[in-house]
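Participant: The structure under discussion is supplied below as structure tokens; questions concerning it will follow.
The values are calculated or read from the model by the stated rules, or taken from the named source; none is laboratory data. The structure displayed is predicted, hence computed values, not measured ones. Counting neighbours? That spans all protein chains shown, and the Cβs are built from the backbone with ideal geometry, glycine included. Note: areas computed on protein heavy atoms with side chains; ligands, DNA, RNA excluded. Shrake-Rupley method; radii C 1.70, N 1.55, O 1.52, S 1.80 Å.
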Amino acid sequence: DAGVHSKAWYAATCDRKTAEDALYRSNKDGSFLIRKSSGQDSRQPYTLVVFYNKRVYNIPVRFIESTRQYALGREKSGEERFDSVAEIVENHQRTSLVLIDSQNNTKDSTKLKHIVRVS
């Protein structure tokens with residue numbers, strides 16, 4: 001179990017557009033939620049959606065079958081792995097999350113600070 005179902009930040013039935021709209025409305029750096037990924041792929045079950053600097057980032061949460069752990073973004077060497085999605089959120093409430101803007105090739109970082117609820 002990814003540890004998401006009872007969490008305030010988990011928007012179970014929320015699609016990408018609804019999540020992005022909710023974050024734009026919050027308009028606070030570090031606003032975030034976790035939603036189910038659009039593709040419903042077992043290797044990428046969730047998406048972490050983060051608002052920072054007037055932009056919304058959709059970061060895939062990957063499930064690593066071999067270790068039964070979770071990691072953010074594309075696979076890379078030395079990546080942080082977590083036993084649950086809840087651990088990813090808790091970790092990035094304490095330590096900054098790197099946000100990569102692939103269009104502008106820029107990097108930012110923010111902590112996960114404000115839980116956004118989708119009505």
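Participant: Looking only at segment 84-92, decide whether some residue is of a type in the set (G, A, S) and within 13 Å of the chain's Cα centre (by Cα).
Facilitator: yes
Participant: Restricting to segment 12-35, what's the tally of residues that are more than 19 Å from R55 (Cα to Cα) and open to solvent by less than 90 Å² (accessible area, probe 1.4 Å)?
Facilitator: 1
Participant: Consider only pairs whose beta carbons are under 6 Å apart and that are at least six residues apart or on different chains; among these, list those whose first residue lies in segment 2-25 and is without any contact (Cβ under 8 Å) to a residue 60 or more places away in the chain and whose second residue is of a type outside the set (D, E, K, R) and open to solvent by 40 Å² or more (accessible area, probe 1.4 Å).
Facilitator: What qualifies is R16/S38.
Participant: Also: Could you tell me whether V98 is modelled with pLDDT of 95 or more and assigned to a strand (DSSP E or B)? Let's see the steps before the verdict.
Facilitator: On the way: modelled with pLDDT of 95 or more: no; assigned to a strand (DSSP E or B): yes.
Here the answer is no, as V98 does not meet what is asked.
Participant: Let me ask you something else. Of the residues that sit in segment 47-59 and are outside any loop (DSSP other than H, G, I, E, B) and of a type outside the set (A, V, I, L, M, F, W, C), which one is surrounded by the fewest Cβ atoms within 10 Å (Cβ to Cβ)?
Facilitator: N58
Rundown of residues vs (1) in a loop (DSSP other than H, G, I, E, B); (2) of a type in the set (F, W, Y); (3) in contact with a Phe, Trp or Tyr (Cβ under 9 Å, 6 or more places away or on another chain); (4) open to solvent by 60 Å² or more (accessible area, probe 1.4 Å), yes/no style:
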position	(1), (2), (3), (4)
S37	no, no, yes, no
P45	no, no, yes, no
V61	no, no, yes, no
E75	yes, no, no, yes
E80	yes, no, no, yes
H92	no, no, yes, no
R117	yes, no, yes, yes
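Participant: Could you tell me which of the residues S96, S102, S109 is open to solvent by 80 Å² or more (accessible area, probe 1.4 Å) and among the hydroxyl-bearing types (S, T, Y)? Please lay out each step first, then the result.
Facilitator: Numbers: S96 fails: open to solvent by 80 Å² or more (accessible area, probe 1.4 Å); S109 fails: open to solvent by 80 Å² or more (accessible area, probe 1.4 Å).
Just a single option satisfies the conditions, and that option is S102.
Participant: Among the residues that make up segment 9-24, is at least one of them in a strand (DSSP E or B), within 21 Å of K111 (Cβ to Cβ) and under 12 Å from the mean Cα position of the chain (by Cα)?
Facilitator: The answer is yes; a qualifying residue exists.
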